[in-house]
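Enquirer: Can you read through this structure? Questions will come right after.
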Amino acid sequence: MAIKAVLFDIDGTLVDSNDHHVAAWQAVFRQIGATFDDQAVHDQIGKGTDMLVPTLLPDTDEAEQEKLGEEHGRIFKSRYLEQVKPFAAARELLAKVRDGGRQVVLASSASSDELDHYLDLLDAREIVSLSTTSDDVEKTKPAPDIFATALKKLSPLAASEVIVVGDTPYDIEAAAGCGIAAVGLRSGKFSDETLNDAGAVALYDNVAALLADFENSPLNG
């Protein structure tokens, strides 16, 4: 079936924010005396609090996880959000998808207020058809909830008529949980092996490379 909608992750995919999220989480962990190297934290970026914290701190209960997540959000927004820049050609890729008659969907583990900020940062309010965030679901990536919710909003489109673009293995695994194919981007600094093992149907360096090869890419299926 032809692709009729493209579901885009945001952090690390459309905007260069992964390192800022690592820094914010490290600040949170220092507050409670927990020590991790940056790579260990980076390897969890792409998950929401409900999935990230239990992986790194398995003894924390749900209330503590939520508290740590709220502190991460506070630190990220107050110290780092204004430093986040869009990747080159991010808006152009979204517009290309829209101009080809396909729906543009943002499906992210970010919060709704971060999404709101990024819509303005990308100047994409008139391009994006709908969005799904961590505020809309019980479980974040790599659970399939975020993409499943987006797919429900896109009804009656079938999973075979949509495709995901993301930068982490968690995007790709979450998409697979809904029967949706996913394109992996290296801009999130995950290895090709990691993205391929998760099931990516194609890899590109970044959104600019995907735009340059758009006609031959899975997005143009």
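The values are calculated or read from the model by the stated rules, or taken from the named source; none is laboratory data. Model, not experiment: these values are computed from the prediction. Counting neighbours? That spans all protein chains shown, and the Cβs are built from the backbone with ideal geometry, glycine included. What goes into the accessible areas is simple: the full protein's heavy atoms, side chains included, and nothing from ligands, DNA or RNA. Shrake-Rupley method; radii C 1.70, N 1.55, O 1.52, S 1.80 Å.
Enquirer: Please report, as a whole percent, how much of the solvent-accessible surface of the chain comes from carbon and sulfur atoms (probe radius 1.4 Å).
Expert: 46
Enquirer: Determine the equivalent ellipsoid of the range 113-171 by diagonalising the alpha-carbon gyration tensor, then write out the semi-axes as square roots of 5 times the eigenvalues, largest first, rounded to whole Å.
Expert: 19, 15, 12
Enquirer: Here is a further query. Can you give the helix-only mean residue ellipticity at 222 nm for the chain, where every DSSP H stretch with n ≥ 4 adds -39500 (n - 2.57) and the sum goes over all residues, rounded to the nearest 500 deg cm²/dmol?
Expert: -11500 deg cm²/dmol
Enquirer: Rounded to the nearest 10 Å², what accessible area does residue 201 have for a 1.4 Å probe in the complete protein model?
Expert: 80
Enquirer: Of the beta bridges DSSP finds with both residues in the chain, what % are antiparallel, to the nearest 5?
Expert: Here the share of antiparallel DSSP bridges comes out near 5 percent.
Enquirer: Keeping all protein chains in place, calculate the accessible area per residue for the range 109-215 (probe 1.4 angstrom), answer in Å².
Expert: Heavy-atom SASA per residue in the range 109-215 reads 41 Å².
Enquirer: GNM, the chain, Cα, under 10 Å: largest mean-square fluctuation among 164, 105, 41?
Expert: Residue with maximal mean-square fluctuation among 164, 105, 41: 41.
Enquirer: Specify the inter-centroid distance of the range 74-113 and the range 48-66, based on alpha-carbon positions, in whole Å.
Expert: Cα centroid of the range 74-113 versus Cα centroid of the range 48-66: 26 Å apart.
Enquirer: Taking the Cα centre of the range 98-183 as origin, sum charge times position over the Cβ atoms of Lys and Arg (+1) and Asp and Glu (-1), and report the length of that vector in debye to the nearest 20.
Expert: 380
Enquirer: Using C-alpha positions alone, give me the convex hull volume of the range 1-142 per residue in cubic angstrom.
Expert: Output value, Cα hull per residue: 115 Å³.
Enquirer: Okay, moving on. What percentages, rounded to whole numbers, describe P(r) for the range 178-221 computed over all alpha carbon pairs with 10 Å bin width beginning at zero?
Expert: 29, 54, 17
Enquirer: Next question, about the same structure. For the chain, with a Gaussian network of springs between Cα atoms less than 10 Å apart, report the residue from 140, 49, 194 with the top mean-square fluctuation.
Expert: Comparing 140, 49, 194 in the GNM, the peak value goes to 194.
Enquirer: Next question. Which log10 I(q)/I(0) values does the range 69-185 give at q = 0.11, 0.18, 0.19 Å⁻¹ under the Debye formula, counting every alpha carbon as one identical point scatterer?
Expert: The computed values of log10 I(q)/I(0) come out as -0.36, -1.01, -1.13.
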